[in-house]
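Q: Let me give you the structure first, and then I'll get to my questions.
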Amino acid sequence: MAQFEDLDLSLPIATLLRDGTASAHQSVESTEGAGWLTRGELDREEYARFLIMLWSVYDTLEHALEKHASHPVLSPTYNPTLLARSASLLADISHILDIPTRDLKSSPLFVSITTAPPANLAEYTSRLKSLDDGPDPGPLLAHAYVRYLGDLSGGQFIRRRVAHAYGLEDDAGAGVAFYEFSKLGGGGSAGIGDMKKIKEWFRSGMNAGVGDDEDLKVTILAEAIKAFELNNGLFASLRAPSATPPPPPPSHLPVPQTHLGDPVTPTDPVFEEKPRELPVQILQRPEDLQRTDSLVSVSSVISFIIALCAAHFILVVGGFTGPKGWEKLEATQEWVAGLLQ
């Protein structure tokens, strides 16, 4: 395809997807609906309506992935215990609408969306079904990539804004279960370092499943760009807020605009052009830091990592991208997370 002629198809599919979908990623980030969602501005029922649309997507996708679990392209990343989101979405919708889960699918809002879906939602699920029923389900990998890696990335920073906007902060995780993941291999909820490991596992699985087949790489990359377009359609289906939203959580920088795909980050020159002076305790080696030292409080470490992540997404929106920056950011996140363990 002409649009991919400048790409080095000898690169692994995970790298091609990250770099080749950067423009599509940024296009979705700039939409009005994405802004309403990620700033927590949607009316409570409209947010529930969005989650129902999202459930329809995941339910369709995850049934297709289950059906083709043994397909060589899909099997290396098939792990519903770790990744599946449809059940947690139902739990969140139930909590937000205050309707028992057993009665949710017969509730008026759920029925109206699932029996007469908005045109953009119908297009999305139809695309997934066509891949499910078609001769080659391999491109379903692109849809799993766009959704799951996005949930593991930007979705984690959107979670806090959503909890604040809809009064879920004191609900012991109820209402935001969609954003929760278990550790790779089990053993409790995943933190930042654990989610990095899950993403690394997923990227390795994609590379193993696709291998060196350049035609397949182009097919999956094109399907990933289509997946971004379909998600853009979901955002376009959102209804404008009816009232002024609540203020954001105190002392927080802007949140990322979407939770789709594998974000790309600033290239090294962006970081090196004008280095920011960091507190001396952050620049020290981990082994030089003491948990009880007054110079390094838990709150300062948390603030630092939040600032890093927020800065990452701000620069992405500004168009500064590059895989080296992403690797550097993830390594820093993992190190800071280790200080809190």
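The values are calculated or read from the model by the stated rules, or taken from the named source; none is laboratory data. Since we're looking at a predicted model, the values are computed, not measured. No Cβ is skipped: glycine too gets one built from the backbone with ideal geometry, and neighbour counts run over all protein chains shown. Calculation scope for accessible area: heavy atoms of the full protein, side chains included, ligands and nucleic acids excluded. Shrake-Rupley method; radii C 1.70, N 1.55, O 1.52, S 1.80 Å.
The rows are residues; the columns are (1) at positive phi; (2) in contact with a Ser or Thr (Cβ under 8 Å, 6 or more places away or on another chain); (3) among the hydroxyl-bearing types (S, T, Y); (4) at pLDDT 95 or above.
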| residue | (1), (2), (3), (4) |
| --- | --- |
| G187 | yes, no, no, no |
| T219 | no, no, yes, yes |
| E223 | no, no, no, yes |
| K226 | no, no, no, yes |
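Q: How many residues does region 187-234 contain that are outside any helix (DSSP H, G or I) and within 15 Å of the chain's Cα centre (by Cα)?
A: So the answer is 2.
Q: Among what's in region 131-153 and is acidic (D, E) and open to solvent by less than 60 Å² (accessible area, probe 1.4 Å), pick the residue that is modelled with the lowest pLDDT.
A: D151
Q: Please indicate, with yes or no, whether at least one residue in region 174-183 is out of contact with any helix residue (DSSP H, G or I) (no Cβ under 7 Å at 6 or more places or on another chain) and not in a loop (DSSP other than H, G, I, E, B).
A: no
Q: I've got another one for you. Go through region 70-103 and give me each residue that's buried (at least 18 other Cβ atoms within 10 Å of the Cβ), in a helix (DSSP H, G or I) and either free of Cβ contacts under 8 Å to residues at least 24 places away in the same chain or over 25 Å from the mean Cα position of the chain (by Cα) (or both).
A: S94
Q: I've got another one for you. Mind checking which residues of region 38-69 are open to solvent by 50 Å² or more (accessible area, probe 1.4 Å) and without any contact (Cβ under 8 Å) to a residue 60 or more places away in the chain?
A: Residue satisfying the conditions is E66 alone.
Q: Of all the residues that make up region 15-37, how many are open to solvent by 10 Å² or more (accessible area, probe 1.4 Å), within 16 Å of the chain's Cα centre (by Cα) and among the hydrophobic types (A, V, I, L, M, F, W, C)?
A: Residues flagged as open to solvent by 10 Å² or more (accessible area, probe 1.4 Å), within 16 Å of the chain's Cα centre (by Cα) and among the hydrophobic types (A, V, I, L, M, F, W, C) within region 15-37 amount to 2.
Q: Filter region 1-14 for residues that are farther than 18 Å from M206 by Cα and in a helix (DSSP H, G or I); which is least open to solvent (accessible area, probe 1.4 Å)?
A: F4
Q: Can L128 be described as within 19 Å of D43 (Cβ to Cβ), modelled with pLDDT of 95 or more, part of a helix (DSSP H, G or I) and under 19 Å from the mean Cα position of the chain (by Cα)?
A: So L128 does not fit the description; no.
Q: Hey, among the residues in region 168-204 that are open to solvent by less than 20 Å² (accessible area, probe 1.4 Å) and not aromatic (F, W, Y), which one's farthest from L11 (Cα to Cα)?
A: Ranking the candidates gives L168 first.
Q: Still on this structure: Kindly indicate whether any position in region 154-167 is assigned to a loop (DSSP other than H, G, I, E, B), crowded, with 18+ Cβ neighbours inside 10 Å and at negative phi.
A: Yes, because at least one residue in region 154-167 is assigned to a loop (DSSP other than H, G, I, E, B), crowded, with 18+ Cβ neighbours inside 10 Å and at negative phi.
Q: I need every pair where a residue in region 114-125 that is open to solvent by less than 60 Å² (accessible area, probe 1.4 Å) has its Cβ under 6 Å from the Cβ of a residue that is outside any helix (DSSP H, G or I), sequence separation at least 6 or different chains.
A: P118/S237; N120/S237
Q: Being modelled with pLDDT under 85 and under 21 Å from H164 (Cβ atoms) is the filter here, so list the residues in region 24-44 that pass it.
A: E29
Q: Being within 16 Å of the chain's Cα centre (by Cα) and in contact (Cβ under 8 Å) with a residue 24 or more places away in the chain is the requirement here; does L184 meet it?
A: no
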